[in-house]
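Working notes, structure below.
The values are calculated or read from the model by the stated rules, or taken from the named source; none is laboratory data. Please read these numbers as outputs of a predicted model, since none were measured by experiment. Neighbour counts are summed over all protein chains in view; Cβ atoms, including those assigned to glycine, are modelled from backbone coordinates with ideal geometry. For accessibility, only protein heavy atoms count, side chains too; no ligands or nucleic acids. Shrake-Rupley method; radii C 1.70, N 1.55, O 1.52, S 1.80 Å.
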Amino acid sequence: MSPKIGVVTFPGSLDDQDALRAIRKCGGEPVSLWHGDDNVDGVDAVILPGGFSYGDYLRCGAISRFAPVMAEVIKAAEAGMPVLGICNGFQILCEAQLLPGALIRNDVRVFVCKDQDLQVESVDTTWTSEFTVGQTITLVRRRRLRS
């Protein structure tokens, strides 16, 4: 049975359709979740996609943290459900205090987009189970296609 993975759409989300498509291509069953939903019933994991949730007018992810769906995402995460935050979704997880610490502005105060090497520290999660501890993986920046 394919895992059902929910993708939350906030006003200003940009990558929710990409996340739904990626789930489908990887053999999962994508489930659309709306920021105003009051449950995440029936999903095995949740993805918070990138974008500019609620326009990020206050602080990145700060307003989204109070969306009705987030109360349920927080409860589910605390009960062990895997939750993946991509870009703005990661910022939302920090604001929701599901990740320790806080984000600060980068030192050059401009958008930086480059490939990033990461070392796998744990393979005990849904997201990392196909890797090996110590393995270096590269997250590739999105490249624009020339027409």
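What to note about this one:
- The residues of region 1-56 that are under 12 Å from the mean Cα position of the chain (by Cα) and of a type in the set (Val, Ile, Thr), listed by number, are ILE5, VAL7, VAL8, THR9, VAL46, ILE47.
- Region 26-39 - residue that is closer than 16 Å to LEU84 by Cα and modelled with pLDDT under 95 and, of those, surrounded by the most Cβ atoms within 10 Å (Cβ to Cβ): GLY28
- Flag for VAL83 being open to solvent by 40 Å² or more (accessible area, probe 1.4 Å) and out of contact with any Gly (no Cβ under 8 Å at 6 or more places or on another chain): no
- GLN97 being surrounded by 10 or more Cβ atoms within 10 Å (Cβ to Cβ), assigned to a loop (DSSP other than H, G, I, E, B), modelled with pLDDT of 80 or more and not aromatic (Phe, Trp, Tyr): yes
- Here GLY51, GLY42 are screened, and the one residue that is modelled with pLDDT under 95 and open to solvent by less than 20 Å² (accessible area, probe 1.4 Å) is GLY51.
- GLY89 at pLDDT 90 or above, open to solvent by less than 50 Å² (accessible area, probe 1.4 Å) and assigned by TED's automatic domain parsing to the domain that holds ASP18: yes
- Taking the conditions (1) modelled with pLDDT under 95; (2) in contact with a Pro (Cβ under 8 Å, 6 or more places away or on another chain); (3) under 24 Å from SER122 (Cβ atoms); (4) open to solvent by 20 Å² or more (accessible area, probe 1.4 Å) in turn, ILE23 satisfies each one other than (4).
- Considering only residues in region 101-138 that are open to solvent by 90 Å² or more (accessible area, probe 1.4 Å) and hydrophobic (A, V, I, L, M, F, W, C), the one that is modelled with the highest pLDDT turns out to be VAL133.
- When ILE47, ILE74 are screened for being within 24 Å of ARG141 (Cβ to Cβ) and touching a residue at least 24 places away in the same chain (Cβ under 8 Å), only ILE47 passes.
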